[in-house]
Amino acid sequence: MSASQQTIFEKILAGEIPCKKVWEDEHTLAFHDISPQAPVHVLVIPKTKIINVSHANETQSEILGRVLLTAKRVAEILGIATSGYRLVLNNGKDGGQTVDYLHCHVLGGRSLGWPPG
Ligand code: 5GP
C-alpha cells in the first residue's frame, strides 16, 4: 500500500501524525478524538488493520475482543467506568464511518441521549 492510500489512523500508528495517547499495548492504541463530542471521547484502534466490522473475519476475533477490552480500560483510566459510557463502531457510509480503519469510539462524561441523530 502506498503512503497516499493510508488512512489518518495508520499515520497516527506510524507516528507520522501526533495524537493524545490514553493507552497503548501490543495490540491496540487509544487516543483522544480530535473533535470530541462528549467530555470523554477516545478512539480505540487495533494495530492490525481492519477496515470495519463488515470486513472482519473469523481469524480476527481476538483483535476485535482486544479493542473492546481496551475501551473498558480507557473508561477506567478516564474515570467514567462507574458513571457509564457508550461504545460506538460506525460501519460504512450510512453508519457514518469517515475513516476506513476500524475504530471504537468511547464516549462519556455526560448523560448521552438515545437514539442518536
Ligand atoms: P468515524 O466518523 O469514522 O466513526 O470517526 C472518525 C473520528 O476520527 C471522528 O470522530 C474524527 O473526529 C476523528 N479524527 C479524524 N481525524 C483525526 C485525527 O487526525 N486525529 C484524531 N485524534 N482524531 C481524528
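The values are calculated or read from the model by the stated rules, or taken from the named source; none is laboratory data. Predicted model, so just to flag it, every value in this text is computed and none were measured. Don't worry about glycine lacking a Cβ; one is built from the backbone with ideal geometry, like all the others, and counts go over all protein chains shown. The protein model used for the area step is the full one, side chains on, heavy atoms only, and it has no ligands, DNA or RNA in it. Shrake-Rupley method; radii C 1.70, N 1.55, O 1.52, S 1.80 Å.
Mind checking whether some residue in the range 1-9 is open to solvent by 60 Å² or more (accessible area, probe 1.4 Å), modelled with pLDDT under 95 and in a loop (DSSP other than H, G, I, E, B)? Outline the logic, then answer.
Pass one, the range 1-9, residues open to solvent by 60 Å² or more (accessible area, probe 1.4 Å): 1, 3-5, 8.
Now restrict to residues that are modelled with pLDDT under 95: 1, 3-5.
This time we only want the ones that are in a loop (DSSP other than H, G, I, E, B), so: 1.
Checked the range 1-9: at least one residue is open to solvent by 60 Å² or more (accessible area, probe 1.4 Å), modelled with pLDDT under 95 and in a loop (DSSP other than H, G, I, E, B).
If a residue must be in a loop (DSSP other than H, G, I, E, B) and either within 17 Å of THR28 (Cβ to Cβ) or open to solvent by less than 50 Å² (accessible area, probe 1.4 Å) (or both), how many such residues does the range 96-108 contain? Of the residues in the range 96-108, 6 are in a loop (DSSP other than H, G, I, E, B) and either within 17 Å of THR28 (Cβ to Cβ) or open to solvent by less than 50 Å² (accessible area, probe 1.4 Å) (or both).
Within the range 90-117, the set of residues being in contact (Cβ under 8 Å) with a residue 40 or more places away in the chain and not small (Gly, Ala, Ser) comprises GLN97, VAL99, ASP100, TYR101, LEU102, HIS103, CYS104, HIS105, VAL106, LEU107, ARG110, LEU112.
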